[in-house]
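Undergrad: Questions regarding the structure given below will be posed in turn.
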Amino acid sequence: MPFTVEEFRDLISILKERPEWREELRRFVLADELLSLPEQIARLRRDTDQRFQELAVQIGQLVEAQRRTEERVGRLEETVTQLVEAQRRTEERVGRLEETVTQLAEAQRRTEERVGRLEETVTQLAEAQRRTEERVGRLEETVTRLAQAQKHTEEQVATLTGQVTTLTGQVATLTVQMTELTRTVHTLTDDVGELKGKSLEADYRTKVFSYFGRLLSRVHVLSSDELTTLLDEAIDAGVLSALEAQEISLADVVVRGKRRQDGAEMYLVVEVSWGVGPGDVERAVHRAELFSRTGVIAIPVVAGRRVTPEAAELAQADKVWQLTDGRAVMPESGATPL
């Protein structure tokens, strides 16, 4: 029996009323580290927004400083040719790295630790740039030192690239975990829907007068043995095949009673579902038609807490009675009167 959106909302309402059940469900579905994930993400987003603003200012300052450095180094082209070439390669690598960081911005916001390391690296780059400007002013003493600082900068860029690669792997792992969580929730939803349907079916079996006494008098739910006897007799008489009898036996509830107008014996073939859908209506109609072959008056009935609009429309078209919380809805025309 299908589990509808309304039933899922019912489950949410129940969990709101019973916080101890909600906590038990949370412990069952979610791992400890995922329980704290929303709070961590919220905190990470706030911290990351502030830190990226600070990084933007620092990077702007670095760009302006680099421009001034290139102008001064331009006047010393013959002396620092190799240094300029190394600086060009570094700028190209940094450009590629900036593109990668942009693509991973969303994932970067979720990783506070990696942002901290990025801030440390940018601070180190700013300090290296400051030293470069000071050493350009003392050209005869700083050519060697600038080369060393450039090498140090390249090592830092390589370290940052490795950190971004690690972050990408962590994001992929988190995606897999969220997929597994979604599957678990879907399975739990199906299980809860089935349990609710079984519980409602038991109510219709045990409270037969409350539910069916409004339709027929002297109502009686057929036991498994009683229904089996009727079906065996129909098979022996050749009016039903074994497969057809088996299909009738799968009905949720079969009720025998007398029509109040004339006392004629009638049978209700009932399909019970928490949320009645078109499939329930179709099964009730098919099984009632098969049961009618045994020579009895068999009426298709669907019962549940609610009936979907599609199922209600189909029930009217197929002349199927509807029971919702004991309230009977009669087909508009053409149905067998009760």
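The values are calculated or read from the model by the stated rules, or taken from the named source; none is laboratory data. Remember, it's a predicted structure, so these values are computed and weren't measured experimentally. Cβ sites come from the backbone with ideal geometry, for glycine too, and all protein chains shown count toward neighbours. Accessible surface areas use protein heavy atoms only, side chains included; no ligands, DNA or RNA. Shrake-Rupley method; radii C 1.70, N 1.55, O 1.52, S 1.80 Å.
Undergrad: On the basis of being touching a residue at least 40 places away in the same chain (Cβ under 8 Å), touching a Lys or Arg at 6+ places or on another chain (Cβ under 9 Å) and open to solvent by 40 Å² or more (accessible area, probe 1.4 Å), does Arg109 make the cut?
TA: It is true that Arg109 is touching a residue at least 40 places away in the same chain (Cβ under 8 Å), touching a Lys or Arg at 6+ places or on another chain (Cβ under 9 Å) and open to solvent by 40 Å² or more (accessible area, probe 1.4 Å).
Undergrad: Which of the residues belonging to region 253-296 are among the basic types (Lys, Arg) and buried (at least 22 other Cβ atoms within 10 Å of the Cβ)?
TA: Kept after step one, since they are among the basic types (Lys, Arg), are these residues of region 253-296: 256, 258-260, 283, 287, 293.
Listed by number, the list holds a single entry, Arg287.
Undergrad: Please give the number of the condition Thr294 fails out of (1) over 35 Å from the mean Cα position of the chain (by Cα); (2) in a helix (DSSP H, G or I); (3) of a type in the set (S, T, N, Q).
TA: Among (1) over 35 Å from the mean Cα position of the chain (by Cα); (2) in a helix (DSSP H, G or I); (3) of a type in the set (S, T, N, Q), Thr294 violates only (2).
Undergrad: Against the condition among the charged types (D, E, K, R), at positive phi and assigned to a strand (DSSP E or B), how does Arg218 come out, does it pass? I'd like the intermediate steps shown before the answer.
TA: On the way: among the charged types (D, E, K, R): yes; at positive phi: yes; assigned to a strand (DSSP E or B): yes.
Yes: the conditions hold for Arg218.
Undergrad: From the list Gly169, Gly193, Gly238, pick out the single residue that is small (Gly, Ala, Ser), closer than 30 Å to Glu112 by Cα and either modelled with pLDDT of 75 or more or touching a Gly at 6+ places or on another chain (Cβ under 9 Å) (or both).
TA: Numbers: Gly193 fails: closer than 30 Å to Glu112 by Cα; Gly238 fails: closer than 30 Å to Glu112 by Cα.
After applying the criteria, what remains is Gly169.
Undergrad: Among the residues of region 261-277, is there at least one that is modelled with pLDDT of 95 or more, aliphatic (A, V, I, L, M) and farther than 30 Å from Asp10 by Cα?
TA: Scanning region 261-277, I find no residue that is modelled with pLDDT of 95 or more, aliphatic (A, V, I, L, M) and farther than 30 Å from Asp10 by Cα, so the answer is no.
Undergrad: I need a count of the residues in region 272-286 that are free of Cβ contacts under 8 Å to residues at least 60 places away in the same chain and in contact with a strand residue (DSSP E or B) (Cβ under 8 Å, 6 or more places away or on another chain).
TA: So the count comes out to 5.
Undergrad: Output the number of the condition that Thr132 fails; it satisfies all remaining conditions of (1) modelled with pLDDT of 75 or more; (2) surrounded by 16 or more Cβ atoms within 10 Å (Cβ to Cβ).
TA: (1)
Undergrad: Quick check on my filter: what residues within region 58-108 are part of a helix (DSSP H, G or I), over 16 Å from Ala158 (Cβ atoms) and under 43 Å from the mean Cα position of the chain (by Cα)?
TA: Listed by number, the residues that qualify are Gln58, Ile59, Gly60, Glu99, Thr102, Gln103, Ala105, Glu106, Ala107, Gln108.
Undergrad: Within region 230-252, track down each residue that is surrounded by 15 or more Cβ atoms within 10 Å (Cβ to Cβ) and within 36 Å of the chain's Cα centre (by Cα).
TA: Passing the criteria: Glu247, Ala251, Asp252.
Undergrad: Please go through region 1-51 and give me each residue that is modelled with pLDDT of 80 or more, outside any helix (DSSP H, G or I) and of a type in the set (S, T, N, Q), ordered by number.
TA: none
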